[in-house]
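Values quoted throughout were computed directly from the atomic coordinates according to the rules given, and no laboratory measurement underlies them. The shown structure was predicted, so the numbers you read here are calculated from the model rather than taken from an experiment. Neighbour counts are summed over all protein chains in view; Cβ atoms, including those assigned to glycine, are modelled from backbone coordinates with ideal geometry.
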Amino acid sequence: MDLSRTLTGFGAALLATALLAAPAEAGAPGDTPSTRDFGNGPERNEVAAVDSIASQSARTLPAEEPASTWSLRKRKGYPRQTSLPVWPANPEDRSIKLGLVPYHEIAPKLNALQQASDRVSAEIIGKSAGGRDLYLVTVTAPESAGETARQDHWRELIEDHPAAAKRDRALRAGYKAPVWINANIHGNEWEGTDGALRVIERLATATDPATKDFLEHSRVYLTVTNNPDGRVAGTRANGAGFDVNRDHATSTQPESRAVRDVVIGTQPFVMLDEHGYTGTTLIEPATAPHGQNYEYDLYIKHALPNALGMEKAVQQLGLPETAAADIPFRDYAPGDWDDWPPIFTPMYAMYHGAIGHTVEIPLRVNNADYNNLPVEELRRRARINTDVAAATIEAALTYTGTNRATLLADQIEQFRRGWAGEPSPTIPDGFVPGFGPEDRFSTTFPRAYVIPAGTPAAARLVDHLIANDVRVTRARHDFTANGKRYQDGTYIVDMHQPKRGLANVLLEAGRDISDLVPQMYDISGWSHGLLWGARVDASPRTLPHVRTSPVTRATPTGSVDAPRGRDLTLSLRDGNDVRAVNELLAQGVKLRRTDASTIVVPAEARPEATALAKTLGVRFTAAPRGVKGDVLDQPVIAGAVSADELFALKEMGFTVQTVSTAVLNAGFDLSGVDTLIVSSGLSYTALNATARATVDAFLARGGGVITRGATGAAFNAAAKVLPATAVAGRGDANGVVTVNNEGPVVGAGSPAHSFVYSPIWFTGTGFTVEQRYGADPLVAGHWLPTSAGVNGPAQAAGQAAVISGATAGGGNAVLFGTEPLFRAHPKGLYAGYARALFWTAG
Ligand SMILES: [Zn+2]
């Protein structure tokens, strides 16, 4: 696009600075029209995680627990006044320097507003990773308990019986339009919170007839800060180091789970996710590629006019910094700001019936600017940003109030199409101004998905689907479908359901979109169907012919299938198997290992095994009589790992001492360590002489090594771990790939698919190939060769993706060119990584 159109004076200077400050990305084209802030992306190889939240290790793996006991349904009307606990004043809160509301002042403010107005209700909907309260504010005209119950009934009718909802005159007249404002999901993008609080204050006290009428016909829900840990600390990520706005669909973090429950519970017509800072205000709708599972016509017909209304409101602030707004759909080239993956809050919300918008307020106050700009300038910017946030929220409320009837009709239509199993309509060019062939995406939904039961992976997936409001049933007897025989208890996802788009975007393989656009904003591939370790069969045309029952929770899967007195074996096929092994080791049970994936549990530990079979859903079987194996000790791990890897390792029950270049240079002692993991923030060449000698000594005595990614490959070369040469694919390439499993450690028992981000492959001899990239490896995602025509999937085809071998010192090493723990998403790859960990530690 023509950058000059949107860039003038001050804004242009800001944007130029922002572009220069953006992380370098190998092979990605330049001229990005907006600041690209990556979440757990390329920078995750640079910054080693520090273990700041020890309590995370107490999490249990299988539970898809709700974010809180919070529920919209309380048999209460509105207001629902609460007294929110007040947090101690924290003078270190990074909001203070900007003149913004620090986290500890939010609860007192909300308590005062609840006291002052019968339109305001505030409640706690969960806790952040760092343990802080997450607030939901509801602003609406008072309702009796009976009126609220009727609203609840209507909301369910819209989703469950859209045809009846459409005919219901009382519903059409009386249903309150739900709007949801999510603020501050990136902790160092502060002012969405302050803008939201300002809007709450106005709505609480306004006496004009328009506001009163609006609140009679609407409910406004505001999650005033979705990331209190980051707000306080001045970080994008939450307290666990996760970018919450990349976590939807996987939902590993309490912050994303909390708003998942809000969006399901409130079913908003319109939602805004308030971010910053793009130099010029940015308001979605996004560019192509558009997610192929949306009912995009129902979205764009509202999203564009709502964005234009927000743009106008920003312009009416009358400041030079607010003279223009960028609307990516209108102003940017395809791929520059797309809505393809369901990992962003507004995109995720679209599948629940919302017209979702990311809004980026303009003036940068975070990162280097936070430290370098004068306080007065920071506060001036923060005031303008707050004005912009408030203006966009007010404009979206106005749009919702004005278009309540059509928004209702279109949400009903989205769910109706789902139930009816109708193809999404083909949208004609010019449907809205600027809609062209590049915007046209659609898919053919399968008639059903079939998920055989009995494994922890299947149970995890089914519980995850249910937590996402996807409807799942269970077959009541054996059946045959598409020539395959399935057992009683098999799960079925009938795709004739209101949120079929969400079901499909989670379960489908996805699509290779490399040819469509030169680059993408974030990941382009994911697949719970291919990467979560459960078998998922699509039934393209027919619903399996079998009686079913609805499922509210997956059937427990664990068992101990062995005669009493016999030793047991556990096969490491799932993250929960690994967790069980780690729990047994932590309980002092003496385990043995007969090969990389087979663990022997002594007969006398049967009670412990039985308990774990129950809680983790894992299956113990009878060990062959007289089997021996090597003693398996709890591995002592030092890890220079990214935050998402640390999280995934803890999910599996590993204890990791976090290290980095700096930590080793400060004299970290590797003498008791079994395995050193290098994937983030550890450079052998940047080590001082003492630290290098420590690493050399570790390798010389046969210490184990695991590496991943570019940082790991550089360490392998510099420290001479395995005689392999790493070849890097394009830096921004990512997606689901096919792999051929060959080796005994990672390869044996791994799924036929893996995930890559900045893929790597290995050449040379003197090692064992564990996994190779398939012949045409990219199944879904975006992976182009570089301009020289190399480093693409064609070059990776058939090459070694994961290798294992013996180091010169006699230790074991495994090198990953794939991303088995990426953002804690590919749960089906966890066990392969863990097998590598036990093997290198042994
Ligand atoms: Zn953001």
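Fully extending the segment from residue 477 to residue 628, taken as 0.36 nm per residue of separation minus the present Cα-Cα distance, adds 50.3 nm. Each peptide among 794-804, 272-282 gets the average number of other Cβ atoms lying within 10 Å of its residues, and from highest to lowest they stand as 272-282, 794-804. In this rough spin-label picture, where each label sits 7 Å from Cα along the Cβ direction, the residue 610-residue 636 distance is 3.6 nm. Descending by average beta-carbon neighbour count within 10 Å, the peptides 817-830, 732-745 line up as 817-830, 732-745, the highest first. Placing a pseudo-label 7 Å from each Cα along the Cα-to-Cβ vector at residue 443 and residue 666 gives an inter-label distance of 4.6 nm. The distance linking segment 148-182 with segment 491-566 is 29 Å (Cα centroid to Cα centroid, whole angstrom). Relative contact order, whole percent, for segment 381-529 stands at 21, derived from Cα pairs under 8 Å and 6 or more residues apart. When both bridge partners sit in the chain, DSSP labels roughly 60% of those beta bridges antiparallel. Straightening the chain between residue 147 and residue 426 buys 96.5 nm, computed as 0.36 nm per residue apart minus the Cα-Cα spacing.
Note on residue 628: lysines with a C-alpha under 16 Å away, same-chain residues under 8 apart excluded, are 590.
A simple charge model with +1 on the Cβ of Lys and Arg, -1 on the Cβ of Asp and Glu and nothing else charged puts the dipole of the chain at about 2400 debye relative to its Cα centre. Helix 296-315 axis versus longest C-alpha principal axis of the chain: approximately 60°, rounded to the nearest ten.
For segment 500-592, averaging the sequence separation of C-alpha pairs within contact (under 8 Å, six or more residues apart) and dividing by the residue count gives a relative contact order of 18 percent.
Note on segment 382-463: with charges restricted to the Cβ of Lys and Arg (+1) and Asp and Glu (-1), its dipole about the Cα centre is near 300 debye.
Report Rg/Rh for segment 222-339, rounded to two decimals, where Rg is the Cα radius of gyration and Rh the Kirkwood radius.
Across segment 222-339, the Cα-based Rg/Rh ratio is 0.98.
Helix 830-841 versus the longest principal axis of the chain: what is the Cα-based angle in degrees, 0 to 90, to the nearest 10? Helix 830-841 sits roughly 40 degrees off the main axis of the chain. Close amide H pairs (under 5 Å, H built 1.01 Å from N) link residue 755 with 737, 819, residues at least 5 positions away or on another chain. Rounded to the nearest 10 degrees, the angle from helix 709-719 to the longest Cα principal axis of the chain is 30 degrees. Across all Cα pairs in segment 403-535, the calculated P(r) in 5 Å bins from zero up to the longest distance comes to 2, 8, 15, 17, 19, 15, 11, 7, 4, 2, 0 percent per bin. For the listed peptides 689-696, 615-622, a ranking on the average number of other beta carbons within 10 Å per residue, highest first, reads 615-622, 689-696. Per-residue extension of 0.36 nm, minus the Cα-Cα distance of residue 167 and residue 688, leaves a gain of 180.1 nm for this segment.
Here the contact order of the chain, divided by its residue count and restricted to Cα pairs under 8 Å and six or more residues apart, works out to 12 percent.
Under Stokes-Einstein, with the Kirkwood radius over Cα pairs as Rh, the value for segment 75-188 at 25 °C and 0.890 mPa s is 149 µm²/s.
On a 28 Å Cα-Cα criterion, which of the cross-link pairs 74/301; 166/499; 74/97; 109/212; 97/127 come out too long? As for pairs spanning more than 28 Å Cα to Cα, those are 74/301; 74/97.
Over the Cα atoms of the chain, what is the Rg over Rh ratio if Rh follows Kirkwood?
In the chain, Rg relative to Rh is 0.96.
Scattering from segment 552-701 was approximated by placing one identical point on each alpha carbon and applying the Debye formula without solvent; log10 I(q)/I(0) at 0.20 1/Å stands at -1.12.
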